[in-house]
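The values are calculated or read from the model by the stated rules, or taken from the named source; none is laboratory data. Computed from a predicted structure; not experimentally measured. All Cβ positions, even for glycine, are placed from backbone atoms using ideal geometry, and neighbour counts span all protein chains on display. SASA here: full protein model, heavy atoms, side chains in, ligands and nucleic acids out. Shrake-Rupley method; radii C 1.70, N 1.55, O 1.52, S 1.80 Å.
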Amino acid sequence: MPTEIQIQNIAQYVGQKVTIKGWLYASTRKGKLMFVRLRDGTGMVQGVAFRPEVGDDLFDLLKRTGQESSLIVTGEVRENERAPGLPKGFEVGIEAVEIVQSAEEYPITPKDHGVEFLMDHRHLWLRSSRQWAIMRIRTTIKRAIIDFLDQNGFVNIDTPIITPSAAEGTSNLFEVDFFEDKAYLAQTGQLYNEANIMAFGKVYCFGPTFRAEKSKTRRHLAEFWMVEPEMAFFDLDDLIDFEEAFVTYIVQTTLKERRAELEFLGRDLAPLENVTGSFPRISYDDAIERIHKIREETDDPELKEQLKIEWGDDFGSPHETELTKQFDKPVFVYGYPTQVKAFYMEPWPGRPEVCKSVDLLAPEGYGEVIGGSERMSDPELLIQAIKNHELPLENYDWYIDLRKYGSVPHSGFGLGLERTVAWICGIDHIRQTSPFPRTLNRKTP
Ligand code: 4AD
Ligand code: MG
């Protein structure tokens, strides 16, 4: 009896007869030789059929079987260093084939398709090797995030998705009809995390997050996953140290466990290998000066226009991109102007126009992957900040309570999963990092 195996473990079965259950990814014929690329969800391997060996019936059956037909293949595993696949270097000498369902005219062919066509066929496109590799990397990044937090004493406490009010500005809220009352899909779990740390010390939530982003960019989704750790007795410096260790762990774990997939994507691994040790930390003031200098020195009129900025403005992607080009590691920018950040951030001591916020910008033009801050602890200041942001105070009374009953200095951050996947995979558009992305003009499939 052949052993039923997963392709990812194929190296253990060289010289043995095995069965693989999967799909036909592609086939090519060279005279009496037929090469069939098989995928089973865990990997990809080349199957070889030689007409005089397998007989006419089996050979003709393989010839007729269309791309993405489901099938069960039996044969002997051989080493062949030139054989393509994931893992590379193995092939199966086909002896028997059972067709489970014969597929005809699979819409995604090896020719070039436009990205909108592929997105319309996302339910099928996910089977393509690049998309498959990206999702495997995404899964590993998620696992690394959870492992790191679990190993560091965090408790995973879930936060609600239906929320009564805004936390990250009111311009991008998704409204839901909540029993004839208004509610909103969560932009963040942070405010609830702040309640949870006073019960559990260090917590995180990790789940889907919603922003009605009305612009089309390479960095924004309407639904994305965010991990949000929050820590009691933690100030801004503690936060930055922690984020550094966290991001280093995520990148290094992915490099270790998903090197084959990263190489398959053609990712340059050197910049990822460099994500260790300490990352540069610069203030917003310093960042603005650097951007002014880049603007002065560039001969490119378009870039000059894009980089226009004054103290007090938020960064756009061009600012982040140019700034990160100056460093070969992720860079922390701290101390943003209060007016561009959310209402809950602790003011900088002696400089109320600045807040104790910190963003982490990824290198190679990827920009902001983390936003975080120390949280405001004074209840009176907080009430004032809520009013300044024109938020309905009555929805925040519980949040203000947290400042009255055993308040402590505390901090936290949110890391966007899809932006992190895009950066680690080295792909230029965030839509390929989500299995079924939701954007301004897409909610299907
Ligand atoms: O900077 P943001 O808005 O911060 C918060 O939501 C805080 N409440 C987090 C916290 O302190 N607990 O979002 C955090 C991160 C961003 O750095 C980015 O990686 C990601 O979430 N993000 C998005 N990713 C994809 N599409 C969008 N529309 C995103 N908006 C934010
Ligand atoms: Mg942000």
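Quick notes on this structure:
- Filtered by the rule that a residue be within 15 Å of Ile7 (Cβ to Cβ), at pLDDT 95 or above and not small (Gly, Ala, Ser), segment 49-86 gives Leu71, Ile72, Val73, Thr74, Glu76, Val77, Arg78, Glu79, Asn80.
- You will find that of Thr109, Thr139, the residue that is polar (S, T, N, Q) and farther than 30 Å from Leu272 by Cβ is Thr109 and no other.
- Residues that are over 17 Å from Met44 (Cβ atoms) and part of a helix (DSSP H, G or I) occur at least once in segment 121-134.
- Only one of Arg37, Arg29 that is of a type in the set (Lys, Arg) and either closer than 25 Å to Arg259 by Cα or crowded, with 17+ Cβ neighbours inside 10 Å (or both): Arg37
- Failed item in (1) closer than 20 Å to Pro229 by Cβ; (2) within 16 Å of ligand 2 (Cβ to nearest atom); (3) open to solvent by 30 Å² or more (accessible area, probe 1.4 Å), with Arg375 passing the rest: (3)
- Strands (runs of 3 or more DSSP E) wholly inside segment 166-252 containing at least 1 residues that are without any contact (Cβ under 8 Å) to a residue 40 or more places away in the chain and surrounded by fewer than 19 Cβ atoms within 10 Å (Cβ to Cβ): 175-178, 181-185
- Residue in segment 348-370 that is more than 13 Å from ligand 2 (Cβ to nearest atom) and assigned to a helix (DSSP H, G or I) present: no
- Evaluation of Arg281 against the conditions (1) more than 30 Å from Asp241 (Cα to Cα); (2) open to solvent by 90 Å² or more (accessible area, probe 1.4 Å) shows that the sole unmet condition is (1).
- The one condition in (1) over 24 Å from the mean Cα position of the chain (by Cα); (2) within 16 Å of ligand 2 (Cβ to nearest atom) that Gly412 fails to fulfil: (1)
- Here Thr298 qualifies as away from ligand 1 (no atom under 16 Å from the Cβ) and not basic (Lys, Arg).
- Within segment 311-340, considering residues that are without any contact (Cβ under 8 Å) to a residue 40 or more places away in the chain, in a loop (DSSP other than H, G, I, E, B) and open to solvent by 30 Å² or more (accessible area, probe 1.4 Å), the one farthest from ligand 2 (Cβ to nearest atom): Gln326
- Within segment 354-405, being away from ligand 1 (no atom under 14 Å from the Cβ), without any contact (Cβ under 8 Å) to a residue 40 or more places away in the chain and either under 22 Å from Lys329 (Cα atoms) or touching a strand residue (DSSP E or B) at 6+ places or on another chain (Cβ under 8 Å) (or both) holds for Ser377, Leu381.
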